[in-house]
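Quick notes on the structure that follows.
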Amino acid sequence: MNALDRAIIDPPRVAEVGERSPMAGLERRTVGFVDVLAQSVGATAPAAAAATLPALIAVRSGHSLLVCLVLAWILVAGVGAAVGHFTRRMAAPGSLYTFVTKGIGPSAGFVTAAGQAVGYAFVAMFGLVGAALSVQTFLASVGAAASSAVVTGLAVVALGVVCFVVLHRGIRTSARVTLVVEVVSVAVLLVLLVTVLSRAGAEALAAPFRAGLPGPGGLVAGTAVAITAFVGFETAASLGREAERPFLTVPRTMRWTLIVVGFTYLLSAYTQEAGGVSFGLQVADNDVALSALSDGAGVPLLGRLLDLGQATSFLACAIASLTALARVVFSLGREGVLPRAVGFTDPLRSTPLGALAVVVPVTVVLPLVLLAGGLSPWRAMSVLIAVAAVGYIVAYVLVAVAAPAFLHRIGELTRAAVWSCGAVAVALAGVLGVYLAVVGGTDPLALGLVGAVVLAGGAGYLFVRLRRREGFARMGLFDEPISDDLLSGQ
């Protein structure tokens, strides 16, 4: 018997390598590239975002949709590069906050976790309300239902139940449902966009390139909203433990997600502006822009199909955002920052059941409160996405700051990393400051919610520092190699 045979029969024990990962309970190395891609694409919800966000961007920036989208694309690509420094070296269900903790400490990690939680939760709420609104729009278009806050609220509750059931069944089920939904929705969207462009005149096709730039405030605010079109691309990192070959799969997924959704958004924004000129429609503050374009282009059936596609895309967005949110909460529970109960996993399905039992009801309740307060679904969506933007940008700024510090700590810092991450952090911090000023002047409700979140986060931080010191000190746990990995090749 040679040495290898003896090692396989009686594997050696290495003192630094334990027998159980801190993230045990979740599935490990079972989710393939396609499923991880589905998670990342689903969180960005390209069909739903391409259909609705141009209108929300136009509210802030006027007719500079393309400029704002390009600027947002560049900034988010820089964030992707910063996140990639971590995802090529560790697998962490907590994703961004774990990375920031490893780079610049648990205090910054806590702020990042709060930003992630706000971003994921409010985008999930945005998705639930958007799905309910799209279903109502479709039914109203065929004369089958009347719109009302009660109907929307009931739809939000029903969709929340659907999300919980799908997420409880396991990541592969939710990822594959998401992927099928998005592929079909994007296919319908692309057919409509090509049809509209083919029927627009030459003057209309040139109009988007002749639009003047807004003032600095409008440009920055529009870019901030445009960033929300890309948010969620990094949620692939939350599947680091579950993904096969995570150090290859996760960075590749993020890169391809940004490429695909970026081109989809630019094509949709360009088509909405050109089609609006051609058919005499206004993109800004229009929750049925593409349906109106389909009617103007003489293909109303595509518009009705797109309403259904948007509904399913919004639902896929909610599922993917809740997937990431549940893993952040699960990770915080395992560390002891949150109650241990949220770190509980279903032993049969290996899903974070404790976290799901908390995050799904929370993301259903707040939209119901906004609707009960008299907000229209479209207005509620505008408020929710504004708050989500703040949470995401805060998390993105901190991860860009943490990447060079982390690389320096492990002896792999380069000048390129310092300059690229520094530029992204400064630019995003500037965007955040101007955006908050603009939102404060135009949307007091959104700013009030941001203020409430900041106060709650501050109180939570003080509580954790004073009452959960051990959990605070343990922040930054990730999926560590275990003894079974040493000879398994995993």
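The values are calculated or read from the model by the stated rules, or taken from the named source; none is laboratory data. The shown structure was predicted, so the numbers you read here are calculated from the model rather than taken from an experiment. So basically every Cβ, Gly included, is an ideal-geometry build from the backbone, and we count neighbours across all protein chains shown. Only protein heavy atoms, including side chains, enter the accessible area calculation; ligands, DNA and RNA are left aside. Shrake-Rupley method; radii C 1.70, N 1.55, O 1.52, S 1.80 Å.
Sort out which residues of region 435-473 are under 20 Å from Leu75 (Cβ atoms), under 22 Å from the mean Cα position of the chain (by Cα) and open to solvent by 30 Å² or more (accessible area, probe 1.4 Å), and write them in order of number.
Correct list: Leu436 only.
I'd like to know if region 73-88 contains one or more residues that are out of contact with any Pro (no Cβ under 6 Å at 6 or more places or on another chain), more than 19 Å from Val426 (Cα to Cα) and in a loop (DSSP other than H, G, I, E, B).
Within region 73-88 (the criterion being out of contact with any Pro (no Cβ under 6 Å at 6 or more places or on another chain), more than 19 Å from Val426 (Cα to Cα) and in a loop (DSSP other than H, G, I, E, B)), the answer is no, since none of the residues qualifies.
In this structure, is Leu413 over 26 Å from Pro54 (Cα atoms), surrounded by 14 or more Cβ atoms within 10 Å (Cβ to Cβ) and free of Cβ contacts under 8 Å to residues at least 40 places away in the same chain?
Judged against the criteria, Leu413 is a match.
Listed here are the residues, each with its yes/no results for (1) farther than 26 Å from Ile259 by Cβ; (2) at pLDDT 90 or above; (3) not hydroxyl-bearing (Ser, Thr, Tyr).
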position: Gly18; (1), (2), (3): yes, no, yes
position: Gly25; (1), (2), (3): yes, no, yes
position: Gln39; (1), (2), (3): no, no, yes
position: Ile57; (1), (2), (3): no, no, yes
position: Gly80; (1), (2), (3): no, yes, yes
position: Leu96; (1), (2), (3): no, yes, yes
position: Gly109; (1), (2), (3): yes, yes, yes
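Rundown of residues vs (1) at pLDDT 90 or above; (2) among the small types (Gly, Ala, Ser); (3) on the phi > 0 side of the Ramachandran plot, yes/no style:
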{"site": "Leu356", "(1), (2), (3)": "yes, no, no"}
{"site": "Val365", "(1), (2), (3)": "yes, no, no"}
{"site": "Pro377", "(1), (2), (3)": "no, no, no"}
{"site": "Ser382", "(1), (2), (3)": "no, yes, no"}
{"site": "Gly391", "(1), (2), (3)": "yes, yes, no"}
{"site": "Pro404", "(1), (2), (3)": "yes, no, no"}
{"site": "Glu412", "(1), (2), (3)": "yes, no, no"}
{"site": "Arg415", "(1), (2), (3)": "yes, no, no"}
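Which condition number in (1) open to solvent by 30 Å² or more (accessible area, probe 1.4 Å); (2) over 16 Å from Thr52 (Cβ atoms) is the one that Gly153 fails?
(1)
To keep it simple, each residue is scored yes or no on (1) in contact with a Pro (Cβ under 6 Å, 6 or more places away or on another chain); (2) over 30 Å from Val59 (Cα atoms); (3) open to solvent by less than 20 Å² (accessible area, probe 1.4 Å); (4) in contact (Cβ under 8 Å) with a residue 40 or more places away in the chain.
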| position | (1), (2), (3), (4) |
| --- | --- |
| Ala202 | no, no, no, no |
| Pro208 | no, no, yes, yes |
| Thr223 | no, no, yes, yes |
| Gly232 | no, no, yes, yes |
| Leu239 | no, yes, yes, yes |
| Thr249 | no, yes, yes, yes |
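Does region 175-186 include one or more residues that are among the charged types (D, E, K, R), touching a Phe, Trp or Tyr at 6+ places or on another chain (Cβ under 7 Å) and surrounded by 19 or more Cβ atoms within 10 Å (Cβ to Cβ)?
No, because not a single residue in region 175-186 is among the charged types (D, E, K, R), touching a Phe, Trp or Tyr at 6+ places or on another chain (Cβ under 7 Å) and surrounded by 19 or more Cβ atoms within 10 Å (Cβ to Cβ).
I'd like to verify a number: residues in region 240-272 that are of a type outside the set (S, T, N, Q) and closer than 20 Å to Gly78 by Cα, how many?
Adding up the residues that qualify gives 16.
Keeping to region 358-406, report how many residues are assigned to a helix (DSSP H, G or I), without any contact (Cβ under 8 Å) to a residue 60 or more places away in the chain and open to solvent by 40 Å² or more (accessible area, probe 1.4 Å).
Going through region 358-406 one residue at a time, the tally reaches 4.
Scan region 27-37 for residues that are modelled with pLDDT of 85 or more and not in a helix (DSSP H, G or I) and report the count.
Residues meeting the conditions: 0.
Tell me, yes or no, whether region 363-384 has at least one residue that is under 14 Å from the mean Cα position of the chain (by Cα) and either closer than 30 Å to Ala423 by Cα or acidic (Asp, Glu) (or both).
Looking through region 363-384, at least one residue is under 14 Å from the mean Cα position of the chain (by Cα) and either closer than 30 Å to Ala423 by Cα or acidic (Asp, Glu) (or both).
Looking only at region 209-228, how many residues end up being assigned to a helix (DSSP H, G or I) and farther than 16 Å from Thr264 by Cβ?
The first filter runs over region 209-228 and keeps only residues assigned to a helix (DSSP H, G or I), leaving 209-210, 216-228.
After this cut, where a residue has to be farther than 16 Å from Thr264 by Cβ as well, the list is 209-210, 216-225.
Of the residues in that region, 12 qualify.
How many residues does region 326-357 contain that are surrounded by fewer than 20 Cβ atoms within 10 Å (Cβ to Cβ), hydroxyl-bearing (Ser, Thr, Tyr) and assigned to a helix (DSSP H, G or I)?
Residues that pass the stated criteria total 0.
What is the residue count in region 100-120 for residues that are open to solvent by 10 Å² or more (accessible area, probe 1.4 Å) and not polar (S, T, N, Q)?
10
Hey, could you check region 251-288 for residues that are farther than 19 Å from Val186 by Cα and modelled with pLDDT under 70 and say which is most open to solvent (accessible area, probe 1.4 Å)?
Step by step, filter region 251-288, then rank; the result is Gln282.
Considering Ala229, Ala221, Ala211, Ala204, which residue is modelled with pLDDT under 80 and touching a Phe, Trp or Tyr at 6+ places or on another chain (Cβ under 7 Å)? Full working, then the answer.
On the way: Ala229 fails: modelled with pLDDT under 80; Ala211 fails: touching a Phe, Trp or Tyr at 6+ places or on another chain (Cβ under 7 Å); Ala204 fails: touching a Phe, Trp or Tyr at 6+ places or on another chain (Cβ under 7 Å).
Exactly one of Ala229, Ala221, Ala211, Ala204 is modelled with pLDDT under 80 and touching a Phe, Trp or Tyr at 6+ places or on another chain (Cβ under 7 Å), namely Ala221.
Among the residues of region 191-199, is there at least one that is open to solvent by 40 Å² or more (accessible area, probe 1.4 Å), small (Gly, Ala, Ser) and modelled with pLDDT under 80?
Looking for residues that are open to solvent by 40 Å² or more (accessible area, probe 1.4 Å), small (Gly, Ala, Ser) and modelled with pLDDT under 80, one finds none in region 191-199, hence no.
In this structure, does Thr228 turn out to be under 24 Å from Ser350 (Cβ atoms) and crowded, with 24+ Cβ neighbours inside 10 Å?
Criteria not met by Thr228.
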